[in-house]
Amino acid sequence: MKKLFTFLFVGAMITSCSNDEINEINEPETAVDLETQVSEGLYDNSNLGIYKGLFTTADGKNRATVLIELDGKNNPVASFNFPDGNFEAFRAQNNVDKSQAGSLRFEGENFSFDFNVDADGADPVVSDVTYMGQKGDVMILKETSKAPVQTKTGTYTCESGCFGDDDDTVPHPELGAPGALQTFNFMLQGTEGDSPIFMQYVLNSRTYTGDVLQASCDAGIFGNLITCELFAEPNLRGNTGPIRFRSLDNPDTSLLFHEYASDGTGIACSSYYGTGIYRSSLFGRSTISIITDDAVADGGDCNERR
């Protein structure tokens, strides 16, 4: 009799789970399935699939990597992964069918934004972004079997030419005070050394995006850690002038680097570091130091592979 009662009690507990709870339990398996389907090219020309991106607040003090998943079955999921390991995930208020263009509205505990994409997955756009009441910005790309997307959050700080007056007391009106960190994020589309790299950065409470080229990739002595130079001028701009990474002594040498290791199927770890020169037409020449975050939830950078 005791065994029968135990069986009935456990059965009652199982059947009492809500559909939402069951979906939450099954979400990790669903996410793996979707990732596999994307890697096999099932959604290369579809609005469904995986979208990856970068987030920053307008003041440059908050940043995160972004993941949006559309499987066509459940309401899409958006997740934000912060450099300190904090994580926030929530579902869209509505769903979309395969090959259906349209708009999705996401609202979480701290986030809200709109997501739009064409029926074939082209031109994804995230707009009207807010985070804890602050205005934000999200740059997003669709991941395909031919062009995986890798995202890294990062920062910059002013090193020289950091003041806005002759007495060296007023912080730079665009770059901020020396030592103040602001967003400088990176997103790689593809797996090769010549793949494009997109950047998202903040200057004077405005968010800018741009792209750079990789060149002079060197596999090093042991060949397990590849370092590429990054070049940007004049397509990468700030409020009142261009940002460049070329060396002043040698215009064919860069001051900013992408360092990564590959596991044979893609980039296993990645980091960006170096120096940028901001030539403002109003405030003169300044030097900024750029580096990506060693994200707790992202498994760190490439230092362990040296």
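Below, the figures for the structure above:
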quantity	calculated
In nm, spacing of pseudo-spin labels at Glu88 and Gln134 (7 Å Cα→C-beta vector)	1.1 nm
Whole-number percent relative contact order across the stretch 51-142, with pairs defined as alpha carbons under 8 Å at least 6 apart	25 percent
Whole-Hz ³J(HN,Hα) from phi, Karplus 6.51 cos²θ - 1.76 cosθ + 1.60, for the stretch 45-55, glycine and proline x	10, 10, 6, 7, x, 10, 10, 10, x, 10, 10
GluC sites (Glu not before Pro) lying in DSSP loop within the stretch 128-222, provided at most 14 other Cβ fall within 10 Å	Glu192
Which of Ser127, Ser280, Ser216 is most accessible, then next, and so on - probe 1.4 Å	Ser216, Ser127, Ser280
Calculated FRET value between Ser205 and Ser281, using beta carbons and R₀ = 22 Å, to 0.05	0.70
Local electrostatic count at Gly241 - Lys and Arg +1, Asp and Glu -1, tallied over other residues with Cβ under 10 Å	+3
Full-extension gain in nm, Tyr273 to Lys98, via 0.36 nm per residue minus C-alpha separation	59.0 nm
Estimated inter-spin distance, Ile291 and Ser216, nm [label 7 Å along Cα→Cβ]	2.2 nm
Value of Rg/Rh across the stretch 75-170 [Cα atoms, Kirkwood radius]	1.12
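The values are calculated or read from the model by the stated rules, or taken from the named source; none is laboratory data. Just so it is clear, the model here is predicted, and its values are computed rather than measured. Cβ atoms come from the backbone with ideal geometry, glycine included; neighbour counts cover every protein chain shown. For the accessible areas, the whole protein counts, side chains as well, though only heavy atoms, and no ligand, DNA or RNA atoms are used. Shrake-Rupley method; radii C 1.70, N 1.55, O 1.52, S 1.80 Å.
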